[in-house]
1. Please get the size of the charge dipole for the chain, origin at its Cα centre, with Cβ charges of +1 on Lys and Arg and -1 on Asp and Glu, quoted in debye to the nearest 20.
2. When ranked by the protection proxy of mean other Cβ atoms within 10 Å per residue, highest first, what sequence do the peptides 49-60, 104-115 form?
3. Considering amide H positions built from the backbone, and no H for Pro or chain starts, which residues 5 or more places from GLU99, or on another chain, come under 5 Å of its amide H?
4. Straight-line reach only, C-alpha to C-alpha below 17 angstrom: list the lysines that LYS64 could link to, leaving out same-chain residues fewer than 8 apart.
5. With all protein chains present and a 1.4 Å probe, how do ARG31, ARG19 order by accessible area, largest first?
6. Which percent of the accessible area of the chain is formed by carbon and sulfur heavy atoms (probe 1.4 angstrom)?
7. Could you provide, to the nearest whole Å², the per residue accessible area of the chain with probe 1.4 Å?
8. Would you work out which of GLN1, CYS95, SER25 lies farthest towards the positive end of the dipole of the chain? Charges go on Cβ: Lys and Arg +1, Asp and Glu -1.
Amino acid sequence: QVQLGESGGGLVQAGGSLRLSCVASGGTFSRSAMGWFRQAPGKQRELVAVVTETDRTVYGDSVKGRFTISRDNAKNTVFLQMNSLKPEDTAVYLCKIVEDVWNEYWGQGTQVTVSS
């Protein structure tokens with residue numbers, strides 16, 4: 001059974017940094033796309049960043065230049081380095097792995113709160 005576990009969220013002041021981690025178990029995901037989404041209260045879930053199996057990265061417009069996604073295939077882990085955080089970055093951040101067209105997995109999420 002595939003499980004994803006996020007960590008690294010918390011409370012930070014505007015302008016600060018956090019690093020999120022998502023560890024996957026129950027499989028090997030070196031050939032899978034891995035990514036981060038976020039959902040704020042009353043808003044739709046949105047893409048934050050994705051890294052493909054070939055290390056191509058895609059970022060949401062609102063985080064370009066501030067966030068960096070990376071992966072460690074040996075540890076089945078995807079990271080999200082978040083710098084220059086803004087209050088509007090406050091959300092639950094969720095990890096997602098897309099194994100193929102039939103299988104995708106979500107984590108439970110980690111709360112990020114940015115105070116002004």
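The values are calculated or read from the model by the stated rules, or taken from the named source; none is laboratory data. If you're wondering where the values come from, they're calculated on a predicted model, not measured in any experiment. Here the Cβ positions follow ideal geometry from the backbone for every residue, glycine too, while neighbour counts run over all protein chains shown. Areas reflect the complete protein model, heavy atoms only, side chains present, ligands, DNA and RNA absent. Shrake-Rupley method; radii C 1.70, N 1.55, O 1.52, S 1.80 Å.
1. With Lys and Arg at +1 and Asp and Glu at -1, about 240 debye.
2. Highest mean packing first, the order is 104-115, 49-60.
3. Placed amide hydrogens put GLU104, TYR105 under 5 Å from GLU99.
4. Reachable lysines: LYS86.
5. ARG31, ARG19
6. 47 percent
7. Here the residues of the chain average 55 Å² of exposed surface.
8. The Cα lying farthest towards the positive end belongs to CYS95.
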